Amino acid sequence: MFASSRLRRLAASFRQPFARAFPAILAVGLLYLAWEAYARFSGISPTTLPAPSRVLVQAYEYREALWDNTLPTIRATLLGFACSLAAAFVFSVLIDFFQPLRRALFPVFIISQTLPLVAIAPLVVLWFGFGLTPKILLIALVTFFPMLVALTEGYEATEEEIEQLLASMGAPRWKRFLLARLPSALPYFFAGLRISITYAVVGAIFAEYAGSAKGLGIYILNAKNNFRADLVLAAVLVSAILTLVLFAATLLVQRLAMPWTQGRRGGRR
Amino acid sequence: MTPPRLELRGISSGYGDMPVLDDISLSVGRGEFVSILGPSGAGKSTLFRLLTGAMAPRAGEMFFDGAPLDRNARPFAFMPQRDALMPWRRIIDNTTLGLEVQGMRRSQARTIVAPFFHEFGLAGFENHYPAELSGGMRQRAALMRTVVQGRPMLLLDEPFGALDALTRTAMQRWLEEMRAHHGWTVLLVTHDVREAVYLSDRIYVLSPRPARVVREIGVPLPRPRHRHNARTNAADIENLILETLLEPHEGPSP
């Protein structure tokens, strides 16, 4: 009886994504057709607005150059995001154990969120050069605080009675953190992760745009300077695909890390 | 004469300016089932916070087996109001929690809890997550997590409060059977008069906040309690308690 219901759930989990993705596929398809029609029949110059088919063809034509510039962006994104995540985790734990730290640090972090990226990016490149360092710093600037907030709020969301129970069992504070607060923060962590990973790609491209030897950001800048709108859009397409892949990866990791939420939608129970 | 398992003498407590417990004295004998009954918000849960060491009393003394209660060597296994099962742990790993906190390896803890699953009606659900179980089953899992810790006394904080009436009655019968079989010493907090009479050997009735013990009532009814002769006499005791609870101005007044 349980086996069959599990099988059904498994089958549904394969069928559902297609059924759910259909409206999105339709919307993208219609947008593509409208754009293609406008570019072909309005007489607009392809250097101003190339048809999407032209973007795809050129993307294929320049696939080697594009791939060559995508790899550094992937590397910078993942490395920068990993550093940012590690830092956010360490700070979230410190703050959880020493609450006064929260009051000391949060204002500083919030101010860091008000800095306009346009102004900061060239400065960071000026200070740290064309290497990985400025990219890691800029990605951290846009992703560190959202992740820190997600983690600290996740810890706070721990069910009071679970903590009380652990206390009654004689669990010291660090054990309560490991057994209750950390797992309680997982849904918040993944919600933050999904948003931050998209910021991370934008941050990496922006850092490259401000100055870099290689990468999608500098590729976009060069294509624009050469009046190649089609190649700008081709690079944008690649970065969009990259973001989507990373986004999907976070969903996959979440599924693996939180198996108890399988087969249910929404909150507990 | 052996001292009672648990004895409280003149316990007072409160939060800030607000007194919650006022001069509470009570005792629980070895193998005895004692209930604390009172209006909601009377401070019943505060009493448990004192016993589990989450709070210190402002006045009074607590003794366990005749010795002052040591905050570091806790003789109680506590079951909170809602089941407090961890949604990310399978049922078997939820029930081993107390043993793991005591420092036991998970694999060893599992072999200790495994034999209990049949008795608690959870056989076959070891590897389910809490969200896959009904309310009654979750509550039994929570009680199992409490019992397997092997502590000399159980503290149950309104354990069946969140269940529907039918499940609650079934759980009360089941708990009575289990208690008779294992001889647990239990202190139960509840605001369900019928539940208290059904399960207890003695009942302490508390006043509204600040809580005092307004009455101590013995329940000399034969067990098992769901038999007819026990049910008819239970009604008299239930009425007595209800009258005590609904007349708050009885007793010494200023």
Exercise for review: Treating each Cα of chain A as an identical point scatterer and ignoring solvent, apply the Debye formula and state log10 I(q)/I(0) at q = 0.13, 0.15 Å⁻¹.
Suggested key: -1.02, -1.18
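For n ≥ 4 DSSP H runs only, could you compute -39500 (n - 2.57) per run for chain B, divide by its residues and tell me the 222 nm figure to the nearest 500?
Values: 9 runs with 87 residues, N = 254.
Result for chain B: -10000 deg cm²/dmol, rounded to the nearest 500.
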Exercise for review: Work out from phi, with θ = phi - 60° and the Karplus expression 6.51 cos²θ - 1.76 cosθ + 1.60, the ³J(HN,Hα) of each residue of segment B:166-178, listed in order in whole Hz, and give x for Gly and Pro.
Suggested key: 5, 4, 4, 4, 4, 5, 5, 4, 4, 5, 4, 4, 4
Check your understanding: Nearest 10 degrees, 0 to 90: what angle lies between the long axis of helix B:135-147 and the longest principal axis of chain B (Cα atoms)?
Key -> 90
Check your understanding: If the cut-off is a Cα-Cα distance under 23 Å, which lysines reach B:K44, setting aside same-chain residues fewer than 8 apart in sequence?
Key -> none
Practice item. Enumerate the aspartates and glutamates that A:K224 could reach by cross-link, defined here as Cα to Cα under 15 Å, with residues fewer than 8 away along the same chain left out. Key: A:E208
Revision key, fill the gap. Scalar couplings 3J(HN,Hα) for segment B:53-59 by Karplus 6.51 cos²θ - 1.76 cosθ + 1.60 (θ = phi - 60°), nearest whole Hz, x for Gly and Pro, are x, 6, 9, 10, x, 7, 8
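Highest first, please rank the peptides A:106-118, A:41-53, B:118-130 by the mean number of other Cβ atoms sitting within 10 Å of their residues.
Details: A:106-118: 11.2, A:41-53: 12.9, B:118-130: 16.0.
Going by the mean number of other Cβ atoms within 10 Å, highest first, we get B:118-130, A:41-53, A:106-118.
What is the Cα convex hull volume of segment A:58-148 when expressed per residue in Å³? The partial results should precede the final answer.
Numbers: hull volume 10.2 nm³, N = 91.
Normalising the Cα hull of segment A:58-148 by residue number yields 112 Å³.
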Check your understanding: So what's the angle, to the nearest 10 degrees on a 0 to 90 scale, between helix B:228-246 and the longest Cα principal axis of chain B?
Key -> 60
Point to revise | Cα convex hull of the protein assembly as shown - mean projected area over all directions, nm² | key: 33.8
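Which whole number gives the average count of other chain Cβ atoms within 10 Å of the Cβ atoms across peptide A:170-180?
On the way: counts 11, 5, 1, 0, 0, 3, 1, 0, 0, 5, 4.
Partner-chain Cβ atoms within 10 Å, mean over residues of A:170-180: 3.
How many percent of the alpha carbon pairs in segment A:14-61 exceed a separation of 11 Å?
Numbers: 802 of 1128 pairs.
Pairs farther apart than 11 Å: 71 percent.
From the gyration tensor of the Cα coordinates in segment A:1-130, what semi-axes in whole Å does the equivalent ellipsoid have, largest first, with each one equal to sqrt(5λ)? Could the numbers behind the result be given before it?
Values: eigenvalues 316, 219, 55 Å².
Rounded to whole Å, the semi-axes are 40, 33, 17.
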Review point. Mean separation of Cα pairs under 8 Å and 6+ residues apart, divided by the residue count of segment A:190-247: what relative contact order is that in percent?
Key: 32
Review point. Using alpha-carbon pairs under 8 Å, 6+ residues apart, how would you state the relative contact order of chain A in percent?
Key: 24
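Test of the criteria: in segment B:11-67, which trypsin sites (Lys or Arg not before Pro) are in a DSSP loop and have at most 16 other Cβ atoms within 10 angstrom of their Cβ?
Numbers: sites: B:R30, B:K44, B:R49, B:R58; in loops: B:R30, B:R58.
Filter output for segment B:11-67: B:R30, B:R58.
What is the average number of partner chain Cβ atoms found within 10 Å of a Cβ in A:154-161?
Other-chain Cβ atoms within 10 Å of each residue's Cβ, averaged: 2.
For A:S45, what charge total do you get from the other residues with a beta carbon under 13 Å from its beta carbon, if Lys and Arg give +1 and Asp and Glu give -1?
On the way: positive: A:R40, A:R54, A:R228; negative: A:D230.
Local charge sum for A:S45: +2.
Determine by what factor the alpha-carbon radius of gyration of chain B differs from 2.2 N^0.38 Å, reporting the quotient. Write down the numbers at each step before the final one.
Details: Rg = 18.4 Å, N = 254, 2.2 N^0.38 = 18.0 Å.
Normalised Rg, Cα atoms only: 1.02.
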Revision key, fill the gap. proj_area_mean for segment A:47-89 (convex hull on C-alpha atoms), units nm², value 4.4
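What helices in chain A pass both tests, a Cα length along the helix axis of 30 Å or more and a mean Kyte hydropathy of 1.6 or higher, using whole DSSP H runs?
Span-like helices here: A:229-257.
Once every DSSP H run of n ≥ 4 in chain A is given -39500 (n - 2.57) and the sum is divided by its residues, what mean residue ellipticity at 222 nm do you get, rounded to the nearest 500 deg cm²/dmol? Walk me through the numbers on the way to the answer.
Numbers: 11 runs with 214 residues, N = 269.
Helix-only estimate at 222 nm: -27500 deg cm²/dmol.
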Exercise for review: Using Cα centres only, tell me the gap between segment A:192-246 and segment B:1-35 in whole Å.
Suggested key: 68
Revision key, fill the gap. For segment B:182-188, in residue order, the Karplus 3J(HN,Hα) values (coefficients 6.51, -1.76, 1.60; θ = phi - 60°; whole Hz; Gly and Pro = x) are 9, x, 5, 9, 10, 10, 10
Study note, to complete from the structure: Non-local residues with an amide H under 5 Å from the amide H of B:R58, with H modelled 1.01 Å from N and Pro and chain starts lacking one, are B:S12, B:S13, B:G14
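Output the direction-averaged projected area (hull surface divided by four) of the convex hull of the alpha-carbon atoms of segment A:162-229, in nm².
Values: hull surface 27.3 nm².
Average of the hull's projected areas for segment A:162-229 equals 6.8 nm².
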Exercise for review: Tell me the label-point distance for the pair A:F89, A:L30, using the 7 Å Cα-to-Cβ offset, in nm and rounded to one decimal.
Suggested key: 4.3
Review point. Over segment A:89-136, what lengths in whole Å, largest first, do the semi-axes of the equivalent ellipsoid take, defined as the square roots of 5 times the eigenvalues of the alpha-carbon gyration tensor?
Key: 28, 14, 7
Review point. Taking the alpha-carbon centroid of each part, what is the distance from segment A:28-92 to segment B:37-78 in angstrom?
Key: 64
Point to revise | Other-chain or far-sequence residues with amide H under 5 Å of B:A211's (modelled H) | key: B:L21, B:D22
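Each value in this text was obtained by applying a stated rule to the coordinates, not by laboratory testing. Bear in mind that the values here come from a model prediction, so they are computed numbers and not experimental data. As a convention, Cβ positions derive from the backbone with ideal geometry for all residues, glycine included, and neighbour counts pool all protein chains shown.
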